[in-house]
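One structure is given here, and the rest of the page talks about it.
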Amino acid sequence: MAVEEKVAEQNAGLAVAGFIQKNRKPLAAGMVSILVLAAAFITGIGIRDAAVSRAVAKADDLCDRFEALRIDINNSEKAGEIEGLLEELKVFAEKNSGYAGARAYVIIADIYADKKDWAAAEKAWTRAAETAPKIYLAPVSLYNAGAAAEEQGNIEGAISLYKESVSYGDFPAAPRAQLNIGRLEEERHNKDAALEAYRTVIEKWPYATVWTNLANNRIIALNLQ
């Protein structure tokens with residue numbers, strides 16, 4: 001491949017990387033579709049325990065109330081109502097484990113993320129993963145916690161959380177989490193670790209062409225340095 005072609009690929013990779021960097025925030029919120037899928041899964045397998053059923057129903061209600069208020073999350077006139085919901089969510093999350101408790105923590109995290117309180121959002125997403133470590137919400141919550149850590153400039157913490165999310169195996173954001181590890185290793189000038197992270201994207205998720213192409217572009221760029 002000619003040097004000019006390599007440089008062109010490098011520039012393309014940088015452009016896409018810049019786009020991802022600027023648009024990472026939406027991934028740190030808006031979990032509604034994921035929650036719906038999780039709720040459908042629970043419904044599919046059937047919930048026999050009445051207490052668990054009530055907890056899930058309450059979590060559904062809290063989510064509906066949040067979505068109704070979300071457009072006004074930073075509206076001072078709605079501040080009291082939002083704070084009231086937040087306190088109710090915290091009490092509920094502390095009292096419930098499994099899916100219902102984790103879902104409450106996710107909603108708490110979404111509220112804080114919408115307010116751009118990234119430290120509180122990171123804590124809530126981490127608690128969601130701790131509350132239900134064996135269900136689908138766990139790796140997604142850890143990914144979002146990583147994005148929140150990154151928003152705070154905590155590169156080491158973000159890398160750790162992205163790695164923890166990837167340790168769960170395949171979930172939709174897994175190749176992107178792995179790519180983020182490489183990008184952040186680049187940011188702290190750890191070339192070898194960045195190359196390893198990018199190669200892992202290509203090896204583990206060959207079908208995720210957007211992320212594998214970007215990983216390949218970054219490998220070329222780093223090897224040209």
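So, by mean Cβ neighbours within 10 angstrom, what's the order for 200-211, 99-110 with the highest one leading?
Sorting 200-211, 99-110 by mean packing, highest first, produces 99-110, 200-211.
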Give me the percent relative contact order of region 43-200, please, defined on Cα pairs under 8 angstrom at least 6 residues apart.
13 percent
All other residues with a Cβ under 9 Å from the Cβ of W118 taken together, and with Lys, Arg as +1 and Asp, Glu as -1, what is their net charge?
-3
Could you compute the net charge surrounding G80? Neighbours are other residues with a C-beta less than 12 Å from the C-beta of G80; K and R count +1, D and E count -1.
-4
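Which pairs, out of K78/K123; K78/K134; K95/K123; K95/K115; K134/K204; K90/K204, put more than 29 Å between their alpha-carbon atoms? Walk me through the numbers on the way to the answer.
Working: K78/K123 24 Å; K78/K134 36 Å; K95/K123 17 Å; K95/K115 25 Å; K134/K204 21 Å; K90/K204 37 Å.
The pairs that break the limit, which is 29 Å between Cα atoms, are K78/K134; K90/K204.
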7 Å from Cα along Cα→Cβ at both A50 and L224: what's the point-to-point distance in nm?
6.8 nm
Charge dipole magnitude, Cβ of K and R +1, D and E -1 - region 87-225, Cα centre, debye nearest 20
220 debye
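Bear in mind that the values in this text are calculations on the coordinates, not laboratory data. This is a predicted model, so every value here is computed, not measured. Backbone-built Cβ (ideal geometry, glycine too); neighbour counts: all protein chains shown.
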